[in-house]
1. Take the Cα coordinates of the chain, assign each an equal point scatterer, and use the Debye formula without solvent to give log10 I(q)/I(0) at q = 0.18, 0.19 Å⁻¹.
2. Quick one: order H29, H103 by neighbouring beta-carbon count within 10 Å, fewest to most.
3. So how strong a dipole does segment 3-111 carry about its Cα centre when Lys and Arg Cβ are +1 and Asp and Glu Cβ are -1, to the nearest 20 debye?
4. Would you kindly state the longest site-free stretch of the chain, with sites defined as GluC sites (Glu not before Pro) in a DSSP loop (not H, G, I, E, B) surrounded by at most 16 other Cβ atoms within 10 Å?
5. So the label point goes 7 Å from the Cα of T14 along Cα→C-beta, right? Which residues of segment 84-109 then have their backbone N under 19 Å from it?
6. In what order do K77, K8 fall by count of nearby beta-carbon atoms within 10 Å, going from fewest to most?
7. Once you have the Cα-Cα distance between A40 and W89, take 0.36 nm times their residue separation minus that, and quote the gain in nm to one decimal.
8. Run the helix sum for the chain: -39,500 (n - 2.57) per DSSP H stretch of 4+ residues, divided by residue count, reported at 222 nm to the nearest 500 deg cm²/dmol.
Amino acid sequence: MKNSDLKKLRERDTWCWECGSESDLVPHHRANRGFGGSKALDTLQNIILVCARFNGEMESDAAVANWARDNGMKLSKFMSPSQPVFDNWQKKWFYLDERGNKHETEPPSFLI
Ligand SMILES: [Zn+2]
């Protein structure tokens, strides 16, 4: 990810999307890059900042991973990162645009 994008990411995500923590934030890919690590998913729409604890739990705990899927934080490879993501701290859904802004929106259709 470009330094300018990283700066925008840190300006947009000043707290963890899961717990609201403002420290130990790490970039998390909503749709996983998988093997080969395609840079195509290194976008401001696909990357969110979460705390290191939650990031680790999504990898190690299947229940947490499922919860993250229900909240748009983890996406299957068939889902577009234009799907909204839930700010569990503010209890609001946001659409992330490709320029590094977030917009409050309705819950996504996959939950209905
Ligand atoms: Zn957190």
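1. -0.88, -0.99
2. H103, H29
3. Once rounded to the nearest 20, the dipole reads 280 debye.
4. After excluding every exposed loop site, the longest remaining stretch is 23-97.
5. Residues passing the 19 Å test: 87-97, 100-104.
6. Least crowded to most crowded, the residues run K77, K8.
7. Residue separation times 0.36 nm, minus the Cα-Cα distance, leaves 14.8 nm.
8. -7000 deg cm²/dmol
No lab work stands behind these numbers, since they all come straight from the coordinates. Note that the structure is a prediction, hence the values are computed from the model and not measured. Here the Cβ is made from the backbone with ideal geometry for all residues, glycine too, and neighbour counts use every protein chain on show.
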